[in-house]
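Trainee: Quick one: the structure is below, questions incoming.
Derivation of every value follows stated rules applied to the coordinates shown; laboratory data play no part. Just so it is clear, the model here is predicted, and its values are computed rather than measured. Ideal geometry is used to build each Cβ from the backbone, glycine not excepted, and the neighbour counts take in all protein chains shown.
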Amino acid sequence: MIVRMSKIEVAGPKDLLRDVLERLRGLGVFQVDPEAVKIKEEGGEEHVRSFALDEETAVERLFLEDLHAKIDDLLSSLPNIAVRESYIDAETVVQIVANAVPRHCSHSHELSERLDVLVKERDELDRYGIFLGAMASLVGSARETPDLEFIGLTIREPDMVPRLRDVISRITDWKYELQTDTADDGSLVGLITVERSIADRVKGTLHDEQVPELTFPAAFGSMNFPEKIAYVKKRVLEVDGEIATIRDELARFAKRWTPLYRNVRAWIDDRLALLRTTAQAFETKMCFFIHGWIPSRDLAGLRSSLAGAYGQPVVVDELEIREEDLERVPIALRNPAYFRPFEILTSLLPLPAYTSYDPTPFIGIFFPIFFGIILGDAGYGIVLAILAFWARRRFRTERMIRDGATILFISACYALLFGVLFGEFFGDLPERLFHLQPLVVERRTAIVPMLLFSLAIGIGHILLGLALGAVNAFQRNVKREALYKLLSIVIIFAILAIFASQFGIFPSVLSRPAILLILFLTPLLFFSGGVLAPLEFLKNIGNIISYVRITAIGLTSVLLAFVANELGGLTGDVVTGVVVAGLIHALNIVLGVFSPSIHSLRLHYVEFFSKFIEHGGRKYEPLRR
């Protein structure tokens with residue numbers, strides 16, 4: 001349900017403003033809203049005006065914002081490791097931290113930059129090592145001579161090798177050697193041996209052919225390939241050692257200083273929040289005024305707390321909520337324990353307006369029923385209930401998973417209930433094994449009755465939505481919208497009477513009065529809903545028909561379960577049959593979680609809520625420490 005809110009004004013001596021705000025933050029129920037009351041500000045000291053921060057407060061705020069940015073910069077350069085919690089009073093060490101943080105930032109950045117350089121060098125050494133390792137088998141122990149030059153390259157596609165041979169042959173007059181090998185990472189590498197006098201022309205050709213040449217850093221000097229391989233291996237060990245040393249030093253530094261800096265940053269967040277809130281107050285020469293919102297049920301507790309702390313000087317007044325305030329009232333949802341897990345489904349929607357309805361109870365009532373009708377298998381329901389129970393116990397500290405498991409458990413119970421009514425336990429096993437008949441209907445054969453049942457659900461659901469929309473429109477004093485929804489309800493009933501009389505459910509004489517009633521109400525429908533009213537009404541009819549998906553999706557689940565049992569029986573072997581049927585049933589259970597959930601939510605979000613839910617609410621965000 002949407003929590004009822006009160007608009008209040010807290011007033012008192014100006015020198016108590018900070019203390020009062022700190023107490024309000026401690027209570028955690030008051031949301032400051034300086035625009036809740038329209039105040040015409042004037043410059044005189046006796047008039048109400050925005051609270052003016054003194055120079056000392058402004059300097060403090062700038063100092064804390066700068067320190068906060070420096071701490072963020074420092075912590076971003078440190079490894080994210082598990083550390084103890086600091087219990088040092090942050091307020092007493094703020095100045096010490098402010099003096100130390102530039103030095104620590106410089107030290108950590110220096111280490112981080114050195115680490116980045118080493119990691120980059122390590123990656124390059126790996127690349128050189130892969131290439132040199134592949135080339136070692138090609139060059140053997142031969143040394144590079146002054147007359148010859150080795151050109152290393154990486155070849156993207158093996159098909160390029162013949163073209164390279166042809167191009168290089170023309171340049172070098174066949175005075176070259178091209179050897180290829182596959183590196184450890186699967187890439188193709190090549191080594192071209194040519195006379196040093198024509199090496200530049202070959203390199204230019206490789207560039208034109210977009211074949212990347214592997215160039216070595218100056219540190220390799222004039223080493224031959226075996227020496228280069230030895231150098232790479234040696235340097236890798238040195239770089240790994242330096243990387244490990246720096247990371248250990250950063251970890252030690254983070255373990256020592258991160259708790260303190262996090263503690264101070266949290267205190268700064270708190271202090272800045274208080275200073276920003278102070279700027280949202282109003283003042284006169286002697287008094288302060290704070291305006292905002294509080295849940296009505298917490299108003300008495302707020303008054304009691306402030307009166308106990310400050311006595312008569314601080315006053316809490318409840319102000320009248322005017323019509324223009326309704327768009328500003330913050331929205332908080334509070335539901336009974338049964339409905340609370342379903343709030344994760346309504347959180348996917350924008351917040352409802354204050355004058356609208358909380359969609360949570362409606363989803364809590366109808367979603368599990370729709371889920372159960374669609375899945376409708378007692379065996380599947382038992383399996384899902386067990387999985388949900390296990391997930392709820394296993395992830396009891398993870399609220400989203402726990403609430404999702406609770407929703408699944410409730411929905412599985414309804415699937416179990418409807419499975420009993422439909423006579424389904426892992427499909428048609430009760431009939432196959434024990435010749436048991438369904439208590440109500442067999443969905444696999446009774447398609448038309450199930451379609452009519454789904455339409456009946458849709459009619460009831462849509463009519464309920466229209467009725468709630470009419471009530472909400474009356475409450476908001478939008479009479480034409482309320483009249484349109486009421487007329488839509490009456491016309492839908494008239495259409496139902498016509499169809500019922502045609503099929504002999506009602507006397508056939510009722511069809512003519514129903515038709516006349518529709519013709520009479522149609523002009524009123526235009527008057528109340530505008531020129532698009534007929535289209536909107538047809539949309540309502542389409543929404544009702546959309547509920548046929550309850551039968552359609554459920555029928556696919558029934559048929560897949562039937563196929564699973566049929567194929568299992570055709571195998572001729574008990575073990576093989578159980579495996580085959582079990583795999584198909586497992587797939588059906590997975591589909592039986594997602595399909596009913598998606599389509600049930602769609603029926604709520606699109607067809608049902610569009611009839612009466614008004615969105616656009618502002619989130620309730622009270623002051624908190």
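Trainee: Could you check the simple spin-label distance between ILE81 and LEU319, using points 7 Å along Cα→Cβ, in nm with one decimal?
Mentor: Using points 7 Å along Cα→Cβ, the separation is 5.3 nm.
Trainee: Most exposed first by the Cβ proxy, i.e. fewest other Cβ within 10 Å, how do ILE155, ILE407 rank?
Mentor: ILE155, ILE407
Trainee: Sorted from fewest to most neighbouring beta carbons within 10 Å, what does the list MET450, MET1 look like?
Mentor: MET1, MET450
Trainee: What percent do you get for the relative contact order of the range 446-547 when only Cα pairs under 8 Å and 6+ apart count?
Mentor: 31 percent
Trainee: Chymotrypsin sites (Phe, Trp or Tyr not before Pro) within the range 479-569: which are DSSP loop residues with at most 14 other Cβ atoms inside 10 Å?
Mentor: Counting only loop positions with at most 14 other Cβ atoms within 10 Å, the chymotrypsin sites (Phe, Trp or Tyr not before Pro) in the range 479-569 are PHE503.
Trainee: Would you mind checking which residues have amide H under 5 Å from SER6's amide H? H placed 1.01 Å from N; only 5 or more apart, or other chain.
Mentor: ILE294, SER296
Trainee: Same structure again: So how much slack lies between GLN502 and TYR338, counting 0.36 nm per residue of separation and subtracting their Cα-Cα distance, in nm?
Mentor: Once the chain is fully extended between GLN502 and TYR338, it gains 54.7 nm.
Trainee: What length, rounded to one decimal in nm, is gained on full extension from GLU55 through to VAL37, with 0.36 nm per residue of separation minus their alpha-carbon distance?
Mentor: 3.7 nm
Trainee: If the cut-off is 21 Å between C-alpha atoms, which lysines fall inside it for LYS7, apart from same-chain ones fewer than 8 positions away?
Mentor: Reachable lysines: LYS38, LYS40, LYS619.
Trainee: Give me the net charge of LYS7's neighbourhood, meaning all other residues with Cβ under 10 Å from the Cβ of LYS7; Lys, Arg count +1, Asp, Glu -1.
Mentor: -4
Trainee: To continue, here is another question. Can you list the residues, at least 5 places off or on another chain, whose amide H is less than 5 Å from the amide H of PHE426, using H built in the peptide plane?
Mentor: ALA378, GLY379, TYR380
Trainee: Modelling each spin label as a point 7 Å along the Cα-to-Cβ direction, I'd like the MET1/LEU274 distance in nm, to one decimal.
Mentor: 3.7 nm
Trainee: Given only helices, namely DSSP H runs of n ≥ 4 each adding -39500 (n - 2.57), what is the per-residue ellipticity at 222 nm of the chain, to the nearest 500 deg cm²/dmol?
Mentor: -21000 deg cm²/dmol
Trainee: Looking at (1) 19, 53, 26, 2; (2) 13, 25, 27, 26, 8, 0; (3) 19, 49, 25, 7, 0, which value of P(r) over Cα pairs in 20 Å bins from 0, in percent comes from a calculation on the structure shown?
Mentor: (2)
Trainee: While we're looking at this one, here's another question. Compute, for the chain, the length of the dipole vector about the Cα centre, with Cβ point charges of +1 (Lys, Arg) and -1 (Asp, Glu) only. Units Debye, rounded to 20.
Mentor: 2260 debye
Trainee: Still on this structure, I have one more. Less than 16 Å apart at the alpha-carbon level, and either on another chain or at least 8 residues along: which lysines does that give for LYS14?
Mentor: Answer for LYS14, where 16 Å is the Cα cut-off: LYS285, listed by chain and number.
Trainee: Can you give me the relative contact order of the range 517-625 as a percent, contacts being Cα pairs under 8 Å and 6 or more apart?
Mentor: The value is 22 percent.
Trainee: Round to the nearest 0.05 the FRET efficiency obtained for LEU521 and THR355 when R0 = 35 Å and r is the Cβ-Cβ distance.
Mentor: E between LEU521 and THR355, to the nearest 0.05, is 0.80.
Trainee: Pull out the extension gain between PHE395 and ASP123, defined as 0.36 nm times the separation in residues minus the alpha carbon to alpha carbon distance; nm, one decimal.
Mentor: 93.9 nm
Trainee: A further question on this structure: Pairs of Cα atoms under 8 Å, at least six residues apart: use those to get the relative contact order of the chain, whole percent.
Mentor: 21 percent
Trainee: Between ILE459 and PHE63, what FRET efficiency comes out of the Förster formula 1/(1 + (r/R0)^6) with R0 = 60 Å and r the beta carbon distance, rounded to 0.05?
Mentor: 0.35
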